[in-house]
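Down below is the structure, laid out as structure tokens.
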Amino acid sequence: MKKYTYTESKDTRSGFGAGLAEAGKMNENVVALCADLIGSLKMEAFIKEFPERFFQIGIAEANMMGIAAGLTIGGKIPFTGTFANFSTGRVYDQIRQSIAYSGKNVKICASHAGLTLGEDGATHQILEDIGLMKMLPGMTVINTCDFNQTKAATIALVNHQGPVYLRFGRPVVPNFTPADQTFEIGKAVMLNEGKDVTIIATGHLVWEAIQAGEALEKLGIDAEIINIHTIKPLDEEAILASVKKTGCVVTAEEHNRLGGLGDSVAQVLAQKLPSPQEYVAVNDSFGESGIPAQLMEKYGLNADNIVAAARKAISRK
């Protein structure tokens, strides 16, 4: 098992903030919009550098999406910022009609996704957003795993034409991917090659998958671990090549098991390579208020559950 270490833990939303500031330097058409959550989205650096290219819309998320769509007509590249729940569920009609339907070049950047929003509870812990967004024709869906990858993904969006949903989070998590990485939309990252089971993880569950791989190694199980940061378009080639070798797969995500990464992987396998698959995801329920780490444990989103799922998948070969 390849060893991964980290020297610091950071929140992925800060990766977005750092990436947005860099994106602004890359292209003068980059503009930013926020729905009264500047601090939460870490947009201060961009605003300090480019105050004339920032628009505070206030608590009017639907209006923000409409304005963003309009700005693209003049050649601007708008990055919108608010919580994931307000970036998707609250404004789904506006995204569908004004952005996705006409292929507008809007970057929908969403923080505080999943259970790790924590104490704010179920009303804010959206677990359905990946499913909502990936069903929109032409929408790219990205879910990054740490600070460095989120920063790199944000920068990469500048040169990507078309609507994107970029999902990241609130808690500090291990920052273990390279600081100088080049983010390739739609290209999976192989973290560890193995032969016994494929573990496909996204977002905060990527680090848990690495820890699971280390635990499985002690049990004599050689796990192949893949970071799927882009859920749409999905890297089908990487998935099929891995599962063809290992014969079974575990998908791990901080999302409802219905409509997320696991469903996308299952669809690929059902059509091209039927194989045993186990899910590590929230089992069709809402979240609740609590400390993020405790919620991840209660809802089965940690390394121990990935280990158990891997062993079950192997037993089904």
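Couple of notes before you dig in:
- Scanning the range 87-126 for residues that are out of contact with any helix residue (DSSP H, G or I) (no Cβ under 8 Å at 6 or more places or on another chain) and at pLDDT 95 or above turns up ARG96, GLN97, ALA100, TYR101, GLY103.
- Candidate set: the range 220-237, residues that are among the hydrophobic types (A, V, I, L, M, F, W, C) and in contact with a Lys or Arg (Cβ under 8 Å, 6 or more places away or on another chain); chosen: the one nearest to LEU136 (Cα to Cα): ILE231
- Among the residues making up the range 93-114, those that are under 13 Å from the mean Cα position of the chain (by Cα) and hydrophobic (A, V, I, L, M, F, W, C) are ILE108, CYS109, ALA110, ALA113.
- Under the condition of being farther than 12 Å from PHE147 by Cβ and outside any strand (DSSP E or B), the residues counted in the range 169-195 number 12.
- Residue count for the range 52-71, restricted to those that are in a helix (DSSP H, G or I) and more than 24 Å from the chain's Cα centre (by Cα): 6.
- Test: PRO233 is within 23 Å of THR144 (Cα to Cα) and at pLDDT below 95: no
- Helices (runs of 4 or more DSSP H) lying entirely in the range 1-51 (those with 2 or more residues that are over 11 Å from GLY81 (Cα atoms)): 12-26, 44-49
For (1) among the charged types (D, E, K, R); (2) farther than 29 Å from LEU216 by Cα; (3) not assigned by TED's automatic domain parsing to the domain that holds GLU217, each residue gets a yes or a no:
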{"site": "ASN85", "(1), (2), (3)": "no, yes, yes"}
{"site": "GLY103", "(1), (2), (3)": "no, yes, yes"}
{"site": "ASP120", "(1), (2), (3)": "yes, yes, yes"}
{"site": "MET135", "(1), (2), (3)": "no, yes, yes"}
{"site": "VAL164", "(1), (2), (3)": "no, yes, yes"}
{"site": "LYS195", "(1), (2), (3)": "yes, no, no"}
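- Any chance GLU61 is more than 28 Å from GLN97 (Cβ to Cβ) and in the same structural domain as LEU166 (by TED's automatic domain parsing): no
- Subset of the range 205-230 (residues that are touching a Ser or Thr at 6+ places or on another chain (Cβ under 6 Å) and more than 15 Å from CYS248 (Cβ to Cβ)): ILE228, HIS229
- Residue match in the range 262-284 (condition: of a type in the set (Val, Ile, Thr), closer than 21 Å to THR123 by Cβ, at pLDDT 95 or above and not in a helix (DSSP H, G or I)): yes
The values are calculated or read from the model by the stated rules, or taken from the named source; none is laboratory data. As the structure is a prediction and not an experimental result, all values here were calculated from the model. As a convention, Cβ positions derive from the backbone with ideal geometry for all residues, glycine included, and neighbour counts pool all protein chains shown.
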